[in-house]
Amino acid sequence: MSIPRETVEQILQAAHIEEVVGEFVTLKKKGSNLWGNCPFHNEKTPSFSVNPARNIFKCFGCGKAGDSAKFLMEHEHYTYPEALRYLAKKYNIKIEEKEQTPEELMLQSVREKMFNINEFADKYFVDTLWNTDEGKTIGLQYFRERGYLNPIIEKFHLGYSPAKWDAFTAYAKQNGYSDELLEQIGFSIKGQKGLYDRYHGRVMFPIHNLTGRVIGFGGRILQNDPEKKLAKYQNSPESEIYDKKQTLYGIYFAKNAIAKNDECILVEGYFDVLRMHQIGIENVVASSGTSLTMEQIRLVKRYTKNITMLYDGDSAGIHAALRGTDMILGEGMNVRIVVLPPEHDPDTFGKEFSAEYVSNYLKDNAKDFIRFKTELLMKDAENDPIKRGQVVRDIVETISIVPDSIFRITYVKECSRLLDMPEQTLTNELNKILRAKFKKSLGVEGEAVPETETSTQSPKQEETLEDQLPAGYYQERELVKLLLMYGREMIIDEREDENGQKIYEQVAVAQFIVDDLKNDGCLFFDKVNRKIFDFFDQALDEGRIPDDQYFVSNEDEAIAQLAADLLSSPYRLDQWEKYGIFVRSEENNLRDTVLSSLYRYKDLIIADRRKAVEEELKATDDTDDQLILLKRKKDLDDIRKRINKELGIVIAK
């Protein structure tokens, strides 16, 4: 179902790029733009820029750029309509759409269908929990017995799936959802008697993505029958919208608190997250019982570089903490570990003690990975020198993972103190490991890029690829940039009337460039540049000038990408005027900039045409043709002299 163009424009105008991106990326203001680490590729130095004035983002590392809708499409893998609906909801813009029929549901994309049925199921499970006798006496009572209050149950949309074997499946099918979709998303399983509910008789935990959309579910069984050997927890299978290794339970509810506190507390399960939130500690997420993955770590890194791992005090919890530290350190993040008393997990600990006590416990018992690992491993080594040597080697291996050399030095000093071992000995061992890793990396690169593949293309061939670009390609781009950035700005057009008198009048930059190029027949050759030129030409005929957002949000992907690229700049002139340094900018000298760009472009076009005429002259023996070509060459020379004269005047200014 399409969204009216006027509604699309209203949505995109209302959406503030810094607010939309700020939901997912930690941004810091530098000059007129905001900067942060790119969420689309792994980087240590921020190259991701957000320009509030132009309402666009641009990464100068990987090249991704666009408006708010484009960001959501790239980041959340939304379709264009999905991105618009998200923005409309965020900015309270009503989209006039009729209720979808079962036939229309079938026409939706797979992803849209999956999001749709997850939202449908979320409402069903919540409604069942609160408004049915079975839900209230079994599901709701279970949560309350565990000490959870209504605000937390409502906040996380906790629900209940009835014990009847096909309750949800039958209800979903009545509402137009197909057997195929129910199996595909994982709500239903096919048995001998037909489809039955995956989650029947369980309390439900919806899993949200960063934007708050439900991407999966976890269900906990309440009546455990040893003979049936049912799993305590049943989770959604992976799908088009749910990838367990890229998901953290509670991230939607915790992301703002993580950024505010500059710390993420990592726990294992659903109830651990719920308990911490209930006592007021909200910067908490869970890996949902799976081993910590690199994708989950990078998800946290968007909001903070500091992770505190809060695990059970038993052996399994301690070793789970150890497994994750190396990956976190490898991402250049800081990791601390808090181990609870053996009889507790975060859920029971938060239930038994006050919020103040829990907060103080976390502060007082958090250990950096060196202290934690050293104390833990040295207990096992005791007085065995061989085991002690292995422990030292293990700890130095972990230090070698840290990408920052200054932090590595700091950790070596701390390790030397804890192990009562000379610092130089540890440094030597560290350098040995680093050299081995470096040699290994060189070996891998040598195999990946064979000499035969890198030496086959000559410089001459590379020049040939460059020569394939049309004459004036880069000058075209410069003129397109001026159209996008300053098309509506006014400049003074200086010309002569029939009597040779100079006339001065104000004219829009877009009108000046389009008219000048059309008068001399110097139209763009590049397809995308020409499309943008034609948009301006048509709009001017209609008495209007499109703004930059029209192109950044254009349905043509190539136009939108080029517009975002040209409207972004990696350079910042931060408060130079404050120090008495005044930079001559395009805005301050717009008329000369436009004239210079036009003249340079036309000069290249005329030179290219002159070259073509000379080649025709060489190829023909016909006298008449030669005379015509010589006349054309002279005309082109006269035009070029005039252009160069004008160009010289502009540059002299």
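Taking the range 239-270 as the range and being under 19 Å from ILE215 (Cα atoms), outside any loop (DSSP other than H, G, I, E, B) and either of a type in the set (Val, Ile, Thr) or touching a Phe, Trp or Tyr at 6+ places or on another chain (Cβ under 9 Å) (or both) as the test, the residues that pass are TYR249, ILE251, PHE253, ALA254, LYS255, TYR270.
Residues in the range 563-577 include none that are in a loop (DSSP other than H, G, I, E, B), modelled with pLDDT of 80 or more and within 19 Å of PHE524 (Cα to Cα).
Entry remark, the range 255-308: residues being surrounded by fewer than 24 Cβ atoms within 10 Å (Cβ to Cβ) and either of a type in the set (Lys, Arg) or assigned by TED's automatic domain parsing to the domain that holds ILE221 (or both) number 5 in total.
Return yes when LEU483 is more than 26 Å from ALA607 (Cβ to Cβ), modelled with pLDDT of 70 or more and out of contact with any His (no Cβ under 8 Å at 6 or more places or on another chain) and no when it is not. Criteria not met by LEU483.
Criterion applied to TYR160, TYR171 was being closer than 22 Å to TYR199 by Cα, part of a strand (DSSP E or B) and either at pLDDT 95 or above or among the acidic types (Asp, Glu) (or both), and the one residue passing it is TYR160. When TYR357 is tested against (1) modelled with pLDDT of 90 or more; (2) in a loop (DSSP other than H, G, I, E, B), exactly one condition is not met: (2). Scanning the range 1-36 for residues that are farther than 22 Å from PHE551 by Cα and either free of Cβ contacts under 8 Å to residues at least 60 places away in the same chain or touching a strand residue (DSSP E or B) at 6+ places or on another chain (Cβ under 6 Å) (or both) gives GLY22, VAL25, THR26, LEU27, LYS28, LYS29, TRP35, GLY36.
Looking across ILE95, ILE56, one residue alone is over 22 Å from ARG298 (Cβ atoms), buried (at least 17 other Cβ atoms within 10 Å of the Cβ) and not basic (Lys, Arg). It is ILE56.
Do we find a residue being within 30 Å of PHE71 (Cα to Cα), without any contact (Cβ under 8 Å) to a residue 60 or more places away in the chain and not assigned by TED's automatic domain parsing to the domain that holds PHE60 anywhere in the range 500-509? No: zero hits. Answer yes or no as to whether GLU397 is acidic (Asp, Glu), crowded, with 16+ Cβ neighbours inside 10 Å and at pLDDT 55 or above. Against the criterion (acidic (Asp, Glu), crowded, with 16+ Cβ neighbours inside 10 Å and at pLDDT 55 or above), GLU397 does not qualify. Once the range 309-335 is narrowed to residues that are crowded, with 22+ Cβ neighbours inside 10 Å and outside any helix (DSSP H, G or I), the residue that is modelled with the lowest pLDDT is ASP312. The test for being in contact with a Lys or Arg (Cβ under 7 Å, 6 or more places away or on another chain), among the small types (Gly, Ala, Ser), crowded, with 16+ Cβ neighbours inside 10 Å and in contact (Cβ under 8 Å) with a residue 24 or more places away in the chain does not hold for GLY159. Within the group SER596, SER553, which residue is under 30 Å from ALA83 (Cβ atoms), surrounded by 14 or more Cβ atoms within 10 Å (Cβ to Cβ), at pLDDT below 85 and not assigned by TED's automatic domain parsing to the domain that holds CYS62? Selected residue: SER553, the only one of SER596, SER553 that is under 30 Å from ALA83 (Cβ atoms), surrounded by 14 or more Cβ atoms within 10 Å (Cβ to Cβ), at pLDDT below 85 and not assigned by TED's automatic domain parsing to the domain that holds CYS62.
I'd like to know if the range 503-523 contains one or more residues that are buried (at least 17 other Cβ atoms within 10 Å of the Cβ), at pLDDT below 80, small (Gly, Ala, Ser) and closer than 30 Å to PRO546 by Cβ. Within the range 503-523, not a single residue is buried (at least 17 other Cβ atoms within 10 Å of the Cβ), at pLDDT below 80, small (Gly, Ala, Ser) and closer than 30 Å to PRO546 by Cβ.
Would the range 136-144 turn up any residue that is within 35 Å of the chain's Cα centre (by Cα) and either assigned to a helix (DSSP H, G or I) or buried (at least 16 other Cβ atoms within 10 Å of the Cβ) (or both)? No, the range 136-144 contains no residue that is within 35 Å of the chain's Cα centre (by Cα) and either assigned to a helix (DSSP H, G or I) or buried (at least 16 other Cβ atoms within 10 Å of the Cβ) (or both). A single member of LYS531, LYS502, LYS481 is of a type outside the set (Ser, Thr, Tyr) and more than 35 Å from the chain's Cα centre (by Cα), and it is LYS502.
The values are calculated or read from the model by the stated rules, or taken from the named source; none is laboratory data. Computed from a predicted structure; not experimentally measured. Cβ coordinates were reconstructed from backbone atoms using ideal geometry, including for glycine residues, and neighbour counts include every protein chain displayed.
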